[in-house]
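Everything below concerns the one structure shown next.
The values are calculated or read from the model by the stated rules, or taken from the named source; none is laboratory data. Note that this is a predicted model, so its numbers are computed, not measured. Counting neighbours? That spans all protein chains shown, and the Cβs are built from the backbone with ideal geometry, glycine included. Quick note on the areas: whole protein, heavy atoms, side chains included, nothing else; ligands and nucleic acids left out. Shrake-Rupley method; radii C 1.70, N 1.55, O 1.52, S 1.80 Å.
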Amino acid sequence: TRAYLDLAKFFLDERGRYFGGERHAPEDPFAVYDSEEYMQNHKPVLEQDEAVGHAVRAMYMFSGLADVAALGGHPEYVAAIDRLWLDVAGRKQYLTGGVGSRSGSEAFGDPYELPNAEAYTETCAAIGNALWNYRLFLLHGESQYMDVFERVLYNGLLSGVSLTGDRFFYQNPLESSGGYARSPWFEVACCPPNMTRFLPSLPGYIYATKDDVVFVNLFIAGSGSFDLGGHAVAITQETRYPWDGAVKLSVAPKRAASFELAVRIPGWARGEAMPTDLYRFLDAAEEAPALKINGEPVSLDIRDGYARIRRDWTSGDTVELFLPMPLRRVVANEAVAENRGRVALQRGPLVYAVEGVDN
């Protein structure tokens, strides 16, 4: 309701206008949490242009800022959230999508301060980064935000839980000499329940609709159903993604209907390691994405990162997407001191771990 939206805006507008915490003596280990920047309370939100302080708190505050911007119709909030996104995506995000490099305060560091072995990159911060980028997609309708969402999903977020589902990482360093393992629980137990909350919600991020457009954001086998202005439409996906770049979409409107299917062509498939210049591929891909409709090749009409297909659809129509997945070398911006002279290896959306014993 409007009352909740107004209350959310009030809480955001109070940032930077008061101090609401408890002060600690300088020698107290908790004194690190006293700074106004740590609590994103150093400036009013409309004046903030750099992500600072506790990374998890920042991600959730930025998500709220995006919601108020989108639902409240406040262009000044849109400008503020876009500035903050450019700072994070352009200067403070790991290749895995993890955020929050400083372990002492679980916080963002200075621009390009992205150490590997000391990387904190809390699992909760990765989840918050995914939630924030999804809201920005809903606000702007551009694929770059879902590109970040996907990067976080398959790398910075999934690393936080074991395949058995009962061991967790609180922090996710990008480099380790051994002796670091997942744990069944933590004294501050935010990450395990956050993971068990996020993963069941994943189906809700695969598709989105606006007017008579269905956005296909993630490639995950399963089915979804939609109501497009009174037209019932079902879509079934068949794919082994992220291991394979072949995706088959079976489109089944209840009755013949005209609408648009917007299929995300990931940035990594278009030669873009990151929507900013923070990371780039060293080599060019030899193959380009390809699309077929009912078995017939068609050219890609890509706008805002989505292949647009507008036609009269009938039950049984199929769309086949092929995303080449060569192994790619990725380098960081030269301003990231610890990554100079180093490369990362990526195939499709997956950033690979390289183990010393194998090399």
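Details
- Gyration tensor verdict on region 287-347 (Cα atoms; rounded if a/c is under 1.5, prolate if a/b is larger than b/c, oblate otherwise): prolate
- Charge dipole of the chain about the Cα centre (unit charges at C-beta), most positive-ward option of Met146, Ala3, Tyr306: Tyr306
- Loop-located chymotrypsin sites (Phe, Trp or Tyr not before Pro) in region 240-317, at most 12 other Cβ atoms within 10 Å (DSSP): Trp243
- Of the GluC sites (Glu not before Pro) found in region 100-208, the ones in coil according to DSSP and having at most 14 other Cβ atoms within 10 Å of their Cβ are Glu175, Glu187.
- For Ser299, solvent-accessible area (1.4 Å; no DNA, RNA or ligand), Å²: 110 Å²
- Once the Cα-Cα distance is subtracted from the 0.36 nm per residue extended length, the Glu355 to Arg329 segment shows a gain of 7.7 nm.
- Once the Cα atoms are used to define both axes, helix 2-13 deviates from the longest principal axis of the chain by about 40 degrees.
- In this rough spin-label picture, where each label sits 7 Å from Cα along the Cβ direction, the Ser162-Asp304 distance is 4.3 nm.
- Applying a DSSP loop filter and a limit of 16 other Cβ atoms within 10 Å to the trypsin sites (Lys or Arg not before Pro) in region 104-184 leaves Arg167, Arg182.
- Among the protein heavy atoms, those of Leu95 account for about 10 Å² of accessible surface (1.4 Å probe, every chain in place).
- A simple charge model with +1 on the Cβ of Lys and Arg, -1 on the Cβ of Asp and Glu and nothing else charged puts the dipole of region 92-187 at about 160 debye relative to its Cα centre.
- Between Ala285 and Ser176, the modelled labels are 3.1 nm apart [label points 7 Å from Cα along Cα→Cβ].
- Cross-link table Lys248/Lys292; Lys210/Lys292; Lys210/Lys254; Lys43/Lys92, entries beyond 21 Å C-alpha to C-alpha: Lys210/Lys292
- For region 104-143 and region 214-282, distance of Cα centres in Å: 24 Å
- Considering only Asn155, Pro173, Phe137, and ranking their Cα positions along the charge dipole of region 127-216 that arises from unit charges at the beta-carbon of Lys, Arg, Asp and Glu, the one farthest toward the positive end is Pro173.
- With the helix formula -39500 (n - 2.57) applied to DSSP H stretches of n ≥ 4, the chain reaches a computed 222 nm mean residue ellipticity of -7500 deg cm²/dmol.
- Counting only Cβ charges, +1 for Lys and Arg and -1 for Asp and Glu, the dipole size of the chain around its Cα centre is about 900 debye.
- The mean accessible area for residues of region 71-223, using a 1.4 Å probe and ignoring ligands and nucleic acids, is 39 Å² per residue.
- Between 0 and 90 degrees, the angle of helix 55-72 with respect to the longest Cα principal axis of the chain falls at about 50 degrees.
- Area of Val354 that stays accessible when all protein chains are in place (1.4 Å probe, Å², to 10): 90 Å²
- Accessible surface of region 105-240 [probe 1.4 Å, protein heavy atoms]: carbon and sulfur percent: 53 percent
- Degrees, to the nearest 10: 123-140 long Cα axis against longest axis of the chain: 50 degrees
- Ordering Arg91, Arg264, Arg17, Arg342 by accessible surface, largest first, gives Arg17, Arg342, Arg91, Arg264; the 1.4 Å probe counts only protein heavy atoms, with every chain in place.
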